[in-house]
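The values are calculated or read from the model by the stated rules, or taken from the named source; none is laboratory data. In this text the structure is predicted, and so the values were computed from the model without any measurement. Virtual Cβ from ideal backbone geometry, glycine too; neighbours counted across all protein chains shown. For accessibility, only protein heavy atoms count, side chains too; no ligands or nucleic acids. Shrake-Rupley method; radii C 1.70, N 1.55, O 1.52, S 1.80 Å.
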Amino acid sequence: MNSNPPTPPTQAPGVVIVTGGSRGIGHAISTLLARRGHGVAINYASTAAPAEELAHAITQAGGRALAIRADMAQPDEIRTLFDRAAELGTLTGLVNNAGITGTRVRIDEQTAQTLDTLFNINIRAPMLAAGEAVRRMSTRHGGSGGAIVNLSSVAARLGGLPGLVPYAATKAAIETFTRGLANEVAREGIRVNAVAPGLTATDMVPPETAKLAETVVPMGRVGHVDEIAQAVAFLLSPASSYMTGSVMTVSGGR
Ligand code: NAP
């Protein structure tokens, strides 16, 4: 038996949709993927200017990018996002990055409405988007395969900071979804993995929470968005060709 590992496939960079791709971690992911030669569909919901600016900067640098508005809470807008992204070429990847923390209050003050919004964006949307991606990338549907990366959080295992328990529960659900979907499409050319960041410097993390990193993070600091993007790009690349159903923690040891 040949004990040498197979050479990873040298798949050419393709087209990746990054939900919430114009701010925070999503901005870093879109930027890094474009640098690596991917066409990037930069999704946004409300902030058009940073999405248009990023798409413009990528195009000026010789890359391919489109800023596409779609509220991920709306199933019909998710479909439109995928249809528009096809203008860049054949889809090879999806990054389910868009997410919200929801209303930061104890469970006895949460309402059905705030929970619905949280679950629609953090869980239902990634599932619906993954469905659209599978329909396009699966060899079962005539596609050529691809990769999906979901953004989880260390909160999935820690239970969340005070007031963020429902948020943490959505991230635990994303990890279970990642493992299950990976099994479902493993023989159809699609790999599905997740990245679980720890405290990362973005608009999602208020300064008092970022300060917590000095004490609760073994490395004593918050993460930088580029440090999360590197893990996502790795999981989309042929370098991770034997990885599926994995959750990669990027948390400074937390
Ligand atoms: P952020 O800076 O608050 O950005 C959130 C992004 O999600 C924005 O681009 C936003 O787009 C988009 N978004 C929100 N609602 C949307 C909707 N309905 N439809 C489409 N896009 C929507 O957040 P971040 O810190 O970069 O977080 C990115 C991901 O990493 C999230 O899934 C988050 O849970 C996860 N994460 C973050 C941390 C952290 O410490 N920052 C830690 C662990 C996990 P608009 O600007 O257009 O609204």
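Skipping prolines and chain starts, which residues have an amide H placed within reach, meaning under 5 Å, of the one on Val250, given they are 5 or more residues away or on another chain?
Ala196, Gly198
Could you please report the charge total around Val154, scoring K, R as +1 and D, E as -1 over all other residues with beta-carbon less than 14 angstrom from its beta-carbon?
Working: positive: Arg157, Lys171, Arg254; negative: Glu175, Glu227.
Once positives and negatives cancel, what remains is +1.
What are the ³J(HN,Hα) couplings of segment 30-43, residue after residue, when phi is run through the Karplus curve with 6.51, -1.76, 1.60 and θ = phi - 60°? Round to Hz, x for glycine and proline.
So the J values, rounded to whole Hz, are 4, 5, 5, 4, 5, 4, 8, x, 6, x, 10, 8, 8, 7.
Starting from the Cα-Cα distance between Arg69 and Ala57, subtract it from 0.36 nm times their residue separation and give me the gain in nm to one decimal.
Working: separation 12, 0.36 × 12 = 4.32 nm, distance 1.76 nm.
Length gained, Arg69 through Ala57: 2.6 nm.
What is the packing order of peptides 178-188, 162-172, taking the mean over residues of other C-beta atoms within 10 Å and listing the highest first? Walk me through the numbers on the way to the answer.
Values: 178-188: 16.4, 162-172: 19.3.
Answer by packing, highest mean first, reads 162-172, 178-188.
Specify the angular offset, from 0 to 90 degrees and rounded to the nearest 10, of the alpha carbon long axis of helix 225-236 from the longest principal axis of the alpha carbons in the chain.
So the inclination is approximately 40 degrees.
Is any residue of segment 60-89 close enough, with backbone N under 18 Å, to a label point placed 7 angstrom from the Cα of Thr47 along the Cα-Cβ axis, and if so, which?
66-73
What does the helix-only formula give at 222 nm for the chain: each DSSP H stretch with n ≥ 4 adding -39500 (n - 2.57), the total divided by the residues, and the result rounded to the nearest 500 deg cm²/dmol?
On the way: 9 runs with 104 residues, N = 254.
One gets -12500 deg cm²/dmol as the mean residue ellipticity at 222 nm.
Could you please state how large a percent of the accessible area of the chain is carbon and sulfur, counting protein chains only and using a 1.4 Å probe?
On the way: 6730 of 12340 Å².
The value for the chain is 55 percent carbon and sulfur by accessible area.
Each label point is 7 Å from the Cα along the Cα-to-Cβ direction; what then is the distance between the points at Val216 and Ser241, in nm?
4.0
Once Rh for the chain is found with the Kirkwood sum over Cα pairs, what is the Stokes-Einstein diffusion coefficient at 4 °C and 1.567 mPa s, in µm²/s? Walk me through the numbers before you get to the answer.
Numbers: Rh = 18.4 Å.
D = 70 µm²/s.
Can you give the relative contact order of segment 20-250 as a percent, counting alpha carbon pairs under 8 Å and 6+ residues apart?
Reported as a whole number, the value is 19 percent.
Taking the chain as the reference, fit the longest principal axis to its C-alpha atoms, fit the long axis of helix 75-85 to the helix C-alpha atoms, and give the angle between the two in degrees, 0 to 90, nearest 10.
40
Whole number in Å², please: accessible area per residue of the chain, 1.4 Å probe, ligands, DNA and RNA not counted.
On the way: 12340 Å² over 254 residues.
Accessible area per residue, the chain: 49 Å².
Which percentage, to the nearest 5, of the DSSP beta bridges contained in the chain is antiparallel? If you can, show how the numbers build up before the last one.
Working: 0 of 29 bridges.
That works out to approximately 0 percent antiparallel.
Pairing the Cα long axis of helix 165-185 with the longest principal axis of the chain, what angle in degrees results, from 0 to 90 and rounded to the nearest 10?
For helix 165-185, the angle is close to 20 degrees.
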